[in-house]
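One structure is given below, encoded as structure tokens.
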Amino acid sequence: MGKSKSRVRQNEDTVWVALDEVYLTDAVIHKLLARDRGQIEAMRADFENGADMVRVVLHERVGGGYNIEDGRHRVLAAKLAGVGFIEAVIV
């Protein structure tokens, strides 16, 4: 797996993935915000303050981009914080 504009290798287990390539439907976003807004807002603040966050787990989608295996709240919080990339493990 080589470097691309959307993914930069950090080590064998971790990469940085462009958030605009991580797929999250509007329905899932609304569901997560309705159910867990406080948790997501706390994570958003952590991203904005540069806190270390647990890596998300992604897998590649047919046709490009990534689906989320683990870390929907973190992905949404990072998007809300305006973060461009997120640390991930690709499975």
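Readers should treat all values here as calculations from the given coordinates under stated rules, not as data from a laboratory. Since we're looking at a predicted model, the values are computed, not measured. All Cβ positions, even for glycine, are placed from backbone atoms using ideal geometry, and neighbour counts span all protein chains on display.
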### Message
Could you check region 63-91 and list, in sequence order, the residues that are among the β-branched types (Val, Ile, Thr) and loosely packed, with under 14 Cβ neighbours inside 10 Å?
### Response
91
### Summary
Residues in region 14-56 that are outside any loop (DSSP other than H, G, I, E, B), β-branched (Val, Ile, Thr) and more than 17 Å from residue 83 (Cα to Cα) total 1
### Any hit, region 46-62, residues being surrounded by 12 or more Cβ atoms within 10 Å (Cβ to Cβ), without any contact (Cβ under 8 Å) to a residue 24 or more places away in the chain and either of a type in the set (S, T, N, Q) or in contact with a Leu (Cβ under 9 Å, 6 or more places away or on another chain) (or both)
no
### Task
Scan region 63-91 for residues that are in a loop (DSSP other than H, G, I, E, B) and either free of Cβ contacts under 8 Å to residues at least 40 places away in the same chain or hydrophobic (A, V, I, L, M, F, W, C) (or both) and report the count.
5
